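Report on the structure given below.
The values are calculated or read from the model by the stated rules, or taken from the named source; none is laboratory data. Since we're looking at a predicted model, the values are computed, not measured. No Cβ is skipped: glycine too gets one built from the backbone with ideal geometry, and neighbour counts run over all protein chains shown.
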Amino acid sequence: MIELRHVGKTYKTADSEIVALEDISISIQDGEIYGIIGLSGAGKSTLVRCINLLERPTAGQVFVDGNEITGMDRRKLLRLRRSIGMIFQNFNLLEQRSVLRNVTFPLEVSGVKGQEAGRRAMELLELVGLSDRAGFYPAQLSGGQKQRVAIARALATNPRYLLCDEATSALDPNTTRSILELLKKINQSLGVTIILITHEMRVIEQICDRVAVLGQSRIAEEGRVSEVLINPRSDIAKELILPEKKKGCEIYGGRRVRLTFHSAYSREPLISRMVLDCQAPVNILYADTKELGGEMYGHMIIGLPAEEHEADRILAWLKKSPVEWCEEV
């Protein structure tokens, strides 16, 4: 398990201080895929680098498997880092080394002999679907293939944890999907705990079990992905989950209601029933339905009628309906 307790990170400049993280407390359970999402500048990359102390927190403590690592000496920390693999947005491959020798590199650093390192590297290239590219060089690979090599390299030392810092941001949607499927396969087959940093909610939706939403250097909210998606509480979570609603809402100047559909209710014609029962029109400003873990869920923003008595009828109807809703401020 990885645990962060009241972690903070402040960068000092010549004439000021920049707070990157403030009072971050999270627990990441063994075997799960844990997502950390936020807008650019929220502190996501700083946070993930604090986990393996590539960035040293200026406050708080980091625990890995029950061991407090912020006070470890250099030798113990280097040994612990072998259990924490890391992949990056820009792959960070060694251009002068072949695919095979990129994967063997951390093994060589760890003192593994050449033949054994080569065998292990080929096993990993088979796992990521690139055994036929062992003799190629990074310049001969696509972006998705480069990231697969980076994943194989990160797994070379049999880590228990894999940190993914915007690992799919440089990839197209189809390649992103295949890389996420690979990460899920690794999680399930090898039992590797994965911490995934991203600014894209679709990445979180596809493979994460739980998610922390980071905003203004703090955790805005945390929970199971389905719970956060269905009922985002913080403004930053709403912005990430419903990014396109703003356009319609900005045009419409009246009162608005956000509806949340999930499970069987996502297939029910609730809006049609509401309009017919209330004999009042509504304006659909935003709507989206998705599947998550075999269950359907969706969000809708509707504009209430300008006539106060019609708007009140709709609100009264919603109070008796099974759908979750709240009036937007």
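Couple of notes before you dig in:
- Among residues of region 1-23 that are closer than 19 Å to Ile195 by Cα, those with a beta-carbon under 6 Å from a residue that is surrounded by 10 or more Cβ atoms within 10 Å (Cβ to Cβ) and acidic (Asp, Glu) at least six positions away or on a different chain give the pairs Met1/Asp30; His6/Asp23; Gly8/Glu22.
- Matching option when the condition is more than 13 Å from the chain's Cα centre (by Cα), crowded, with 17+ Cβ neighbours inside 10 Å and in a strand (DSSP E or B), among Ile219, Ile194: Ile219
- Candidates Gln96, Gln145, filtered to the one that is under 22 Å from Ala170 (Cα atoms) and under 29 Å from the mean Cα position of the chain (by Cα): Gln145
- Ala212 meets each of the listed conditions (1) farther than 22 Å from Glu22 by Cβ; (2) among the hydrophobic types (A, V, I, L, M, F, W, C); (3) in contact with a strand residue (DSSP E or B) (Cβ under 7 Å, 6 or more places away or on another chain) apart from (1).
- Within region 63-99, the set of residues being crowded, with 18+ Cβ neighbours inside 10 Å and β-branched (Val, Ile, Thr) comprises Val64, Ile69, Ile84, Ile87, Val99.
- Of everything in region 290-329 that is of a type in the set (D, E, K, R) and closer than 15 Å to Phe261 by Cβ, the residue that is modelled with the highest pLDDT is Glu324.
To keep it simple, each residue is scored yes or no on (1) crowded, with 23+ Cβ neighbours inside 10 Å; (2) closer than 20 Å to Met86 by Cβ; (3) of a type in the set (Ser, Thr, Tyr).
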position	(1), (2), (3)
Pro159	no, yes, no
Asp172	no, no, no
Lys185	no, yes, no
Glu200	no, yes, no
Ser226	no, no, yes
Ile230	no, no, no
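- Matching strands (runs of 3 or more DSSP E) fully within region 281-329 where at least 1 residues are in contact with a His (Cβ under 6 Å, 6 or more places away or on another chain): 283-292, 295-303
- Annotation: Tyr34 fulfils all but one of (1) exposed (fewer than 14 other Cβ atoms within 10 Å of the Cβ); (2) in contact with a strand residue (DSSP E or B) (Cβ under 7 Å, 6 or more places away or on another chain); the unmet one is (1).
- Residue match in region 218-227 (condition: assigned by TED's automatic domain parsing to the domain that holds Glu32 and modelled with pLDDT under 90): yes
Residues checked against (1) touching a Pro at 6+ places or on another chain (Cβ under 8 Å); (2) among the hydrophobic types (A, V, I, L, M, F, W, C):
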{"site": "Val48", "(1), (2)": "no, yes"}
{"site": "Ile51", "(1), (2)": "no, yes"}
{"site": "Leu54", "(1), (2)": "no, yes"}
{"site": "Gly60", "(1), (2)": "no, no"}
{"site": "Phe63", "(1), (2)": "no, yes"}
{"site": "Gly66", "(1), (2)": "no, no"}
{"site": "Leu77", "(1), (2)": "no, yes"}
{"site": "Ser83", "(1), (2)": "yes, no"}
{"site": "Phe88", "(1), (2)": "no, yes"}
